[in-house]
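The values are calculated or read from the model by the stated rules, or taken from the named source; none is laboratory data. Since we're looking at a predicted model, the values are computed, not measured. Heads up, the Cβs are rebuilt from the backbone with ideal geometry, glycines too, and the neighbour counts pull from every protein chain shown.
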Amino acid sequence: MLSRENDSHDVKAVGLLGLDSGAIAGLALGRGGLPALWWMAMVALAACLPLFLFTLRARPFYSGPDLPIFYEEVEGAPALRAGAMLLADLEGYLDHNRRTLRPKARAFSLGLLLFIVGAVFAAGFLLYVSLTG
């Protein structure tokens, strides 16, 4: 399930979605014994769900020019010129892919931060409940 751009945000987001959903379900089931501010953990955990889903959204990535068309364009041209054209095309595709990945990385980072905050709150509440019995 490694994403095409090989950043593995997709795999991490799927794992965190499952863990996040489990934590939300656990808090919802045990809310009767939790302190009054238990909902803070629930809000933080719920807020990261759309960010992880945004991370999983399909995006168009370019891996290079269409080779048959490229060969038609450079047919009979010197190798140096053809290589320069190919590098220029690849540079443009790489720049496009970087611009496409930037919002995905930001959404994943913000989702991870919210998940950590929610998990810390949830762990604190569970510790409080276990100590006060």
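Among the residues of region 77-86, those identified as hydrophobic (A, V, I, L, M, F, W, C) and assigned to a helix (DSSP H, G or I) are Ala79, Leu80, Ala82, Ala84, Met85, Leu86. For Asp89, the requirement of being within 28 Å of the chain's Cα centre (by Cα), assigned to a helix (DSSP H, G or I) and surrounded by 12 or more Cβ atoms within 10 Å (Cβ to Cβ) is met. When region 64-85 is filtered for residues that are at pLDDT 80 or above and of a type in the set (Gly, Ala, Ser), the ones remaining, listed by number, are Gly76, Ala77, Ala79, Ala82, Gly83, Ala84. Might you check whether a residue that is among the hydrophobic types (A, V, I, L, M, F, W, C), under 20 Å from Pro103 (Cα atoms) and either at pLDDT below 90 or in contact with a helix residue (DSSP H, G or I) (Cβ under 7 Å, 6 or more places away or on another chain) (or both) occurs anywhere in region 19-36? Checking region 19-36: not a single residue is among the hydrophobic types (A, V, I, L, M, F, W, C), under 20 Å from Pro103 (Cα atoms) and either at pLDDT below 90 or in contact with a helix residue (DSSP H, G or I) (Cβ under 7 Å, 6 or more places away or on another chain) (or both).
Pairs are defined by a Cβ separation below 6 Å, a sequence spacing of at least 6 or placement on different chains, a first member in region 121-133 that is under 13 Å from Arg31 (Cα atoms), and a second member that is assigned to a helix (DSSP H, G or I) and of a type in the set (Val, Ile, Thr); no pair meets this definition. Remark: pairs (first residue in region 61-82, surrounded by 10 or more Cβ atoms within 10 Å (Cβ to Cβ); second residue β-branched (Val, Ile, Thr); Cβ separation under 6 Å; 6+ apart in sequence or on different chains) = Ala82/Val74. Entry remark, region 94-109: residues being surrounded by 13 or more Cβ atoms within 10 Å (Cβ to Cβ) and either among the acidic types (Asp, Glu) or at pLDDT 95 or above (or both) number 0 in total. Every listed requirement among (1) part of a helix (DSSP H, G or I); (2) within 27 Å of Ala105 (Cα to Cα); (3) not charged (D, E, K, R) is met by Phe61 save one, (1).
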